[in-house]
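Undergrad: Below is a structure I'd like to ask you about.
The values are calculated or read from the model by the stated rules, or taken from the named source; none is laboratory data. No experiment lies behind these values; they were computed from the predicted model shown. Cβ atoms come from the backbone with ideal geometry, glycine included; neighbour counts cover every protein chain shown. The protein model used for the area step is the full one, side chains on, heavy atoms only, and it has no ligands, DNA or RNA in it. Shrake-Rupley method; radii C 1.70, N 1.55, O 1.52, S 1.80 Å.
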Amino acid sequence: MGSFQAPPGMRSSALLETSCGYLLQELQMIWNEVGEDQSEREKVLLELEQECLEVYRRKVDRANMSRARLHQELAESEAEFTHLLLSLGERSLPGRPEKMSGTIKQQLDSITPALREMRLRKEERVNQFRAVQGQIQKISAEIAGQSEYDDSITNVKVNENDLSLKKLEEYQNELQRLHNEKNNRLQQVEKYIAAVHNLSATLGMESSMIITKVHPSLNELCGISKNISDSILAKLNSTVESLQEEKQKRLEKLHQLGKALKNLWSLMDTSYGDRYLFSHVIDQLSVSSAEVSDPGSLTLDIIQQAEAEVKRLDQLKASKMKELFLKKQNELEEICNKSHMEIPSRSEMENILNLINTGEIDYAELLMSIDEQISRAKEEASSRKSIMEKVEKWILARDEERWLEEYSMDENRYSVSRGAHRNLRRAERARVTVNKIPALVDSLIAKTKSWEEERRKDFLYDEVPLLAMLEEYNLSRQEREEEKQRQRIKKVQSQVVVGQQNFTTSRPSTSNRRLSNKSLNGGFGNASPLNRRLSLSIQQLGSNGKNSVSLGTSFIKEGKKEQGKRIFPRPNFTSQLRDDTASVVSTFSGPLSP
């Protein structure tokens with residue numbers, strides 16, 4: 001008897017029960033034929049029942065497990081879908097109903113395509129985040145100065161819990177900001193590099209060495225991306241500032257040298273050919289540091305050449321200034337000597353010449369000072385001119401007065417000799433001149449006092465106050481006149497005594513009268529040393545007075561000299577003339593004494 005097989009395609013419980021019934025009938029038929037014991041039959045049937053229950057139980061457990069697994073998959077799918085919606089920042093997926101119905105498998109079949117699409121969206125969004133964040137990290141590393149940065153995006157960690165478009169937009173905005181900052185920094189770096197090139201060209205320096213010293217990446221020959229970190233920008237800024245300071249220093253130095261060259265050229269009247277060699281230095285005088293941009297215009301060679309030229313001209317100027325100063329000094333001394341004014345001391349002039357040789361004096365101020373002194377000396381000489389003309393007349397009149405006194409003492413002045421008539425005519429002219437001396441002296445005193453009141457200082461003649469000389473002369477002249485008057489009285493008295501004696505004694509011989517006249521003339525001749533002394537004092541006034549302390553101050557002293565320093569000591573004319581008179585009287589009365 002063959003086994004029963006259920007028809008294919010039948011899976012219902014009724015079919016199962018029918019199949020089991022057929023099998024049970026077939027088993028009963030077998031037992032009947034065999035003659036199986038009833039207890040054995042019950043035992044087999046119990047085993048069959050237990051085995052069926054066990055099979056059912058296993059099947060039910062498997063079904064429960066499958067259902068639970070499907071429920072878990074559905075829950076996980078729904079949770080993942082919800083998480084993806086939240087992480088991607090979306091509320092729902094178009095085309096998927098909010099509430100699902102049907103069996104678990106139907107629900108799974110409904111959510112699986114949506115979940116697959118959300119996973120694809122997530123992967124795409126993660127790639128976008130990774131690319132943006134990778135660029136942000138790369139640019140941030142470049143800005144931070146990290147030249148060796150691994151640009152692989154696999155190292156980028158993306159926060160998958162927040163993949164919203166809003167967050168992506170934030171990263172994109174940050175990336176754009178970093179791009180802008182990078183471009184700005186690159187522009188600054190290029191600007192600094194261009195400034196270094198321009199300044200180096202102007203100063204005659206090697207720009208590539210300066211830039212490489214800041215950072216090798218800034219040199220285009222290195223072939224690596226430029227470092228645009230804050231420290232590099234600070235170094236570039238410091239380098240540009242130092243180059244600008246050096247440029248300003250060199251320009252100021254060149255300005256000083258240019259001004260010195262112009263002053264030296266003007267002072268020494270340098271030819272156009274010599275000036276043309278340094279015209280580029282003079283051209284820089286009127287420009288500022290920002291306007292100087294020509295390559296090689298501020299090199300050290302140009303400054304050194306200008307310094308050498310200034311040094312050469314300074315040495316030449318010292319020699320010429322010495323000659324010019326000596327020339328002006330001689331002019332000043334000539335003016336002072338001609339007007340009998342004070343002149344600078346030789347020691348002061350030697351000190352100034354030493355300063356000229358050492359270059360420790362401002363030549364322009366020195367020339368200005370001595371020109372001012374010459375101008376003041378000329379002005380004072382002009383104000384003294386009328387007085388000096390009268391002084392010259394007075395000196396000439398004094399010479400005539402002295403000559404007349406000497407001539408009057410000559411016993412042979414009336415003798416008939418060769419040239420005697422010329423002396424007589426000169427004596428007549430001398431008497432006329434001598435008679436004008438008092439009026440001339442009075443006029444001189446009046447003019448001198450007026451000059452001193454106007455100038456508020458003493459009028460010095462060879463460092464001696466002129467008024468003191470004139471007053472001394474008037475006093476000595478008055479004393480001489482008084483002495484002459486006394487001599488005349490004595491002479492008259494002596495003649496009276498002689499006449500009385502002639503009545504009582506015999507007439508004296510001719511030789512005795514000659515002797516008396518000779519003695520009388522000899523007695524009056526003793527006044528000549530006095531006249532010669534005053535004339536000699538006027539002519540030999542001093543070259544040994546005190547000098548002005550400095551050429552930088554006014555050469556012509558503005559203050560009055562101390563009174564009485566250079567005034568001639570007035571000789572004791574009275575006592576001397578009395579001695580001379582006593583000698584004359586003694587000589588004249590000697591032969592007549594009994």
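Undergrad: Give me a comma-separated list of calculated 3J(HN,Hα) values for the stretch 114-119, in order, Karplus coefficients 6.51, -1.76, 1.60 applied at θ = phi - 60°, integers in Hz, x for any Gly or Pro.
TA: 5, 5, 4, 5, 5, 5
Undergrad: Could you run the Karplus curve 6.51 cos²θ - 1.76 cosθ + 1.60 with θ = phi - 60° over the stretch 44-55 and give me ³J(HN,Hα) per residue in whole Hz, x for Gly and Pro?
TA: Each residue's phi maps through the Karplus curve to give 5, 4, 5, 5, 4, 5, 5, 5, 5, 5, 5, 5 Hz.
Undergrad: Still on this structure, please answer the following. Using 0.36 nm per residue of separation minus the Cα-Cα distance, give me the extension gain between residue 90 and residue 486 in nm, one decimal. Kindly include the intermediate steps, with their values, before the conclusion.
TA: Numbers: separation 396, 0.36 × 396 = 142.56 nm, distance 15.23 nm.
Extra length available between residue 90 and residue 486 comes to 127.3 nm.
Undergrad: Return the Rg/Rh value of the stretch 164-298, two decimal places, where both radii are evaluated on C-alpha atoms and Rh is the Kirkwood radius.
TA: We get a ratio of 1.25 for the stretch 164-298.
Undergrad: Using the Cα centre of the stretch 369-485 as origin and beta-carbon charges of +1 (Lys, Arg) and -1 (Asp, Glu), tell me which of 450, 404, 394 is placed farthest towards the positive end of the dipole.
TA: 404
Undergrad: Another question about this same structure. So if we plug the beta-carbon distance of residue 225 and residue 287 into 1/(1 + (r/R0)^6) with R0 = 45 Å, what FRET efficiency do we get, rounded to 0.05?
TA: That pair, residue 225 with residue 287, gives E of 0.70.
Undergrad: Keeping the other protein chains in place, figure out the carbon and sulfur percent of the accessible area of the stretch 164-298, with a 1.4 Å probe.
TA: Carbon and sulfur: 49 percent of the exposed surface of the stretch 164-298.
Undergrad: Taking the Cα-to-Cβ direction at residue 375 and at residue 304 and moving 7 Å from each Cα, how far apart do the two end points lie in nm?
TA: 4.4
Undergrad: Now, a different point. Under the rule of at least 5 residues apart or a separate chain, name every residue whose amide H is placed under 5 Å from the amide H of residue 461.
TA: Long-range HN contacts for residue 461: 466.
Undergrad: Using only the alpha carbons, work out the radius of gyration and Dmax of the stretch 227-267 in angstrom.
TA: Computed over the Cα atoms of the stretch 227-267, radius of gyration and Dmax are 17.4, 56 Å.
Undergrad: Using the alpha-carbon centroid of each, what span in Å lies between the stretch 260-303 and the stretch 205-249?
TA: 31
Undergrad: Taking 7 Å along the Cα-to-C-beta vector as the label spot, tell me the residue 367-residue 425 distance in nanometres, rounded to one decimal.
TA: 5.6
Undergrad: How far is it, in nm, from the label point at residue 212 to the one at residue 244 when both lie 7 Å from their Cα along the line to the Cβ?
TA: Rounded to a tenth, the inter-label distance reads 2.7 nm.
Undergrad: How much length is gained on full extension from residue 453 to residue 403, taking 0.36 nm per residue of separation minus their Cα-Cα distance?
TA: My answer for the length gained is 14.5 nm.
Undergrad: From Cα pairs below 8 angstrom and at least 6 apart in sequence, can you work out the relative contact order of the stretch 164-298, rounded to a whole percent?
TA: Computed over the stretch 164-298, the figure is 30 percent.
Undergrad: Oh, and also: Which FRET efficiency, nearest 0.05, do residue 276 and residue 471 yield, Cβ-Cβ r, R0 60 Å?
TA: E(calc), rounded to 0.05, equals 0.35.
Undergrad: I'd like the FRET efficiency for residue 36 and residue 66, computed as 1/(1 + (r/R0)^6) with the beta carbon distance as r and R0 of 45 Å, rounded to 0.05. Walk me through the numbers on the way to the answer.
TA: Values: r = 40 Å, r/R0 = 0.89.
The formula returns an efficiency of 0.65 here.
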